[in-house]
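Below is one structure; the comments refer to it alone.
The values are calculated or read from the model by the stated rules, or taken from the named source; none is laboratory data. Only a predicted model underlies this, so the values are computations on that prediction, with no experimental measurement involved. Positions of Cβ are backbone-derived with ideal geometry, glycine not excepted, and every protein chain shown enters the neighbour counts. Accessible surface is based on the protein model in full, side chains and every heavy atom, while ligands, DNA and RNA are left aside. Shrake-Rupley method; radii C 1.70, N 1.55, O 1.52, S 1.80 Å.
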Amino acid sequence: MKRISTVLLVSALTLLMATPALADFSLYGSVRMATYLMEGTGPVYGGYDSDVNWELQSNSRIGGKFNTEEIGGRFEFGTGDSDGDVWLRLMYGTWNFGKGTLLIGQDYTLYGYGSWEVANEDNGFAGLGDSYDGRLPQIRVELDNGFWAAAIKNHAQKMKDDTADYDYWLPKLAIGYMHDVGFMSYGASLAYQTYELNEKSVDSYLAAFNWKTAAGPVALQGNLFYGQNLEDFGMQDWVGEGYGAYANGEDATTLAGYVQLAHEFGEVLGVAGVGYLANDRDDYAEKDEQFGYFVQAHFPVAKNFTIIPHYTVYDLMDDRNGNDQGDLYFAGIKWQMDF
């Protein structure tokens, strides 16, 4: 896999450098180091005992952008995992058809809206308020009036294996609207997915709303979403026990969101945020909740070089049976150079 990914990266760079002079193209990169202490309590995180982590983040990346009058494209590769593999993050092409843009390829889904939280290698509150299900293959139309629609890879395609009978006939379907009025921007989206597991239908849906506003040195942003069977939908959780899932003939619901405040203090940017998630299902004794908060400061050392001291707490609160699941603490510095 490493050899194949490296060949793809070299081929993409060679193709980009050979692009005709009439096309606009550029290369970019970002190196990100995570240096931090992590300590946990309780049955979930009790095994973490103030170990020092010294990692090249897996979302360090190198990529390129290409654009002509109608056709554009982008590729991006990441590295930094324990095996040193190079892996594909983004690969898509776009066509400007006059009243909007058609995208085909692998990209972020538009209903995801992460925070700036940097703990756990730029977690972004996935699992605590960010409606993030990854960078996925999709066909998407974005109109100039703000409306968009997408057909996205069904999560069952990833889960399908020899141990269970997954059947699916539709991709994940999503629609939404985005609007920017300068001092404020916001977006709303709906998504639906269905498949059969061992001849039983598993239906998932998502309704999400995000916003961002700024006034002088202060900026406020947030995300709020509600959904059904979001673990089956493919929502990613890098915090704790995951999203609600269909089981025992019962559908699970999830309510989650975060709020983030940023304030400029001269050249230093201070950021703080809180996030919350609650899963529920008829066979739960009580809601399964998670809570978290973070504080951090962005210090510009030089142009395109930033260090970010941070402190983050993930509180898993009580599980579905009322048992305390413990906490996880992060304290450290993120180092980032963009080029």
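Assorted remarks:
- For residue 175, the stated conditions hold: it is assigned to a strand (DSSP E or B), farther than 25 Å from residue 76 by Cβ, out of contact with any Lys or Arg (no Cβ under 8 Å at 6 or more places or on another chain) and not charged (D, E, K, R).
- Listed here are the strands (runs of 3 or more DSSP E) enclosed by region 43-161 that have at least 3 residues being closer than 26 Å to residue 194 by Cα: 87-96, 100-108, 135-143, 147-152.
- Some residue of region 24-31 being at pLDDT 90 or above, buried (at least 19 other Cβ atoms within 10 Å of the Cβ), under 30 Å from residue 310 (Cβ atoms) and out of contact with any Ser or Thr (no Cβ under 9 Å at 6 or more places or on another chain): no
- Restricting 258, 293, 246, 314 to residues that are touching an Asp or Glu at 6+ places or on another chain (Cβ under 6 Å) and of a type in the set (Phe, Trp, Tyr) narrows the list to 246.
- Every residue from region 206-252 that is surrounded by fewer than 18 Cβ atoms within 10 Å (Cβ to Cβ) and of a type in the set (Ser, Thr, Tyr): 213, 226
- Within region 103-134, the set of residues being among the small types (Gly, Ala, Ser) and open to solvent by 30 Å² or more (accessible area, probe 1.4 Å) comprises just one member, 114.
- Test result for residue 222, closer than 26 Å to residue 271 by Cα and not aromatic (Phe, Trp, Tyr): yes
- Looking across region 287-325, just one residue is part of a loop (DSSP other than H, G, I, E, B), surrounded by 21 or more Cβ atoms within 10 Å (Cβ to Cβ) and within 23 Å of the chain's Cα centre (by Cα), and that is 316.
- Remark: residue 86 falls outside the filter, which requires a residue to be within 30 Å of residue 316 (Cα to Cα) and either crowded, with 20+ Cβ neighbours inside 10 Å or touching a His at 6+ places or on another chain (Cβ under 8 Å) (or both).
- Residue in region 279-286 that is surrounded by fewer than 21 Cβ atoms within 10 Å (Cβ to Cβ), part of a strand (DSSP E or B) and without any contact (Cβ under 8 Å) to a residue 60 or more places away in the chain present: yes
- When 19, 94, 68 are screened for being open to solvent by less than 40 Å² (accessible area, probe 1.4 Å), modelled with pLDDT under 95 and farther than 25 Å from residue 273 by Cβ, only 19 passes.
- Some residue of region 135-154 being under 24 Å from residue 246 (Cα atoms), surrounded by 17 or more Cβ atoms within 10 Å (Cβ to Cβ) and out of contact with any strand residue (DSSP E or B) (no Cβ under 6 Å at 6 or more places or on another chain): no
- Candidate set: region 178-189, residues that are in contact (Cβ under 8 Å) with a residue 24 or more places away in the chain and either surrounded by 15 or more Cβ atoms within 10 Å (Cβ to Cβ) or assigned to a loop (DSSP other than H, G, I, E, B) (or both); chosen: the one farthest from the chain's Cα centre (by Cα): 183
- Extreme residue, least open to solvent (accessible area, probe 1.4 Å), among residues of region 161-177 that are of a type in the set (A, V, I, L, M, F, W, C) and within 22 Å of residue 141 (Cβ to Cβ): 174
Here is a yes/no grid of residues against (1) farther than 24 Å from residue 109 by Cα; (2) modelled with pLDDT under 95; (3) touching a Phe, Trp or Tyr at 6+ places or on another chain (Cβ under 6 Å):
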| site | (1), (2), (3) |
| --- | --- |
| 253 | no, no, no |
| 270 | yes, no, no |
| 307 | yes, no, yes |
| 332 | yes, no, yes |
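- Any chance residue 8 is within 30 Å of residue 177 (Cβ to Cβ) and either of a type in the set (A, V, I, L, M) or at pLDDT below 95 (or both): no
- Flag if residue 100 is within 22 Å of the chain's Cα centre (by Cα) and open to solvent by less than 40 Å² (accessible area, probe 1.4 Å): no
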